[in-house]
1. If we scan region 155-170, do we find a residue that is modelled with pLDDT under 85, assigned to a helix (DSSP H, G or I) and under 27 Å from residue 123 (Cβ atoms)?
2. Scan region 186-199 and tell me whether some residue there is modelled with pLDDT of 85 or more, surrounded by 14 or more Cβ atoms within 10 Å (Cβ to Cβ), more than 17 Å from residue 57 (Cα to Cα) and of a type outside the set (A, V, I, L, M).
3. Which numbered condition in (1) touching a Pro at 6+ places or on another chain (Cβ under 9 Å); (2) surrounded by 21 or more Cβ atoms within 10 Å (Cβ to Cβ); (3) at pLDDT below 90 is the only one that residue 1 fails?
4. Going by the structure shown, is residue 285 modelled with pLDDT of 75 or more and in a loop (DSSP other than H, G, I, E, B)?
5. Given the conditions (1) of a type outside the set (Phe, Trp, Tyr); (2) more than 19 Å from the chain's Cα centre (by Cα); (3) crowded, with 24+ Cβ neighbours inside 10 Å, which single one is not true for residue 66?
Amino acid sequence: MSARSLTPQAFVALLLLACTFAGNHVAARVAFDHGVDVVTAVAVRSLSTALVVTLLVVWQRVPLRHTARHRRAMAAIALLVTVQSVWLYAAVARMPVGLALLVFNSYPIWATLAARVFYAHRPERAALIAMPVILIGLALALNAVQVIGGGATFGRSFGAGVAFALAAAASFGTVLALTQHEVADLDGRVRSAFTMTVVGVLALVTAVAGGGLHWPQAGAGWAGLVALSVLYGTAFTVVFTLLPKLGAVSNSPILNIEPVAALALGWLVLGQAVGALQWIGALIVVGAVMALGLRKQ
């Protein structure tokens, strides 16, 4: 999609969606701080969203035609999305929300690598230019220069959060490569309903096997759990209902403003402040990813 295809209404809607997705992760951090574990959050969020999207598929009478190849690819995609969901929430639980999402925003690099490894797809020149820019932005945002120079150190929790966010980005990048080459001809609503259902069921089974769901221990935790489910489910549903009518596609790069929105919300709600240099790094990453997505095809 090119920038010209965005109407003003779609642009505003996408910005609001980015803030909604960011709010979901901030709400998740509140839930984690009050007794909810990562698997419980993924199970509740995914199953509630799966219910809404499945009802949407039934209501709109979306055709369910698929092949054996589609089924195999969707099974792999669902498993990867499950892992990605758990790892991203694990990152959010260990480091500032905005920085976790910023590291996750390196997924275009991983998508390019996955397409190269699995499908021998030669990277485009724009992607090769964007990759080092994204890495430089991440280095600034994560304060890597001071860490390497000995002026600052990563805490164990922060370092684990970075690792989880990178792993989530790699998983999501692989999902994008598989989606483009294996199931692009399937309706997005059907893909999403199936994926969210499998993710929710896998998370629920994992939680039960690990001793059961971990519910909030305080009112703030319940508010966070409800908010993350409502915010994610609402944004996810709007992506497939409202945006097509506004002239935007569901994976518009404008949504990559989410880390910046999360940094702002994290500061307002959680008191998670970042330095000026980290803000510069965040804007570099977001700008590079948006430029990559908005380039003319």
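1. Checked region 155-170: no residue is modelled with pLDDT under 85, assigned to a helix (DSSP H, G or I) and under 27 Å from residue 123 (Cβ atoms).
2. no
3. (2)
4. Here the answer is no, as residue 285 does not meet what is asked.
5. Of everything listed in (1) of a type outside the set (Phe, Trp, Tyr); (2) more than 19 Å from the chain's Cα centre (by Cα); (3) crowded, with 24+ Cβ neighbours inside 10 Å, residue 66 misses just condition (3).
Okay, residues lined up against (1) under 20 Å from residue 291 (Cα atoms); (2) outside any helix (DSSP H, G or I); (3) modelled with pLDDT under 90:
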| position | (1), (2), (3) |
| --- | --- |
| 108 | yes, no, yes |
| 114 | no, no, no |
| 118 | no, no, no |
| 130 | yes, no, yes |
| 153 | no, yes, yes |
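The values are calculated or read from the model by the stated rules, or taken from the named source; none is laboratory data. Remember, predicted model here, so these are calculated numbers, not experimental data. Heads up, the Cβs are rebuilt from the backbone with ideal geometry, glycines too, and the neighbour counts pull from every protein chain shown.
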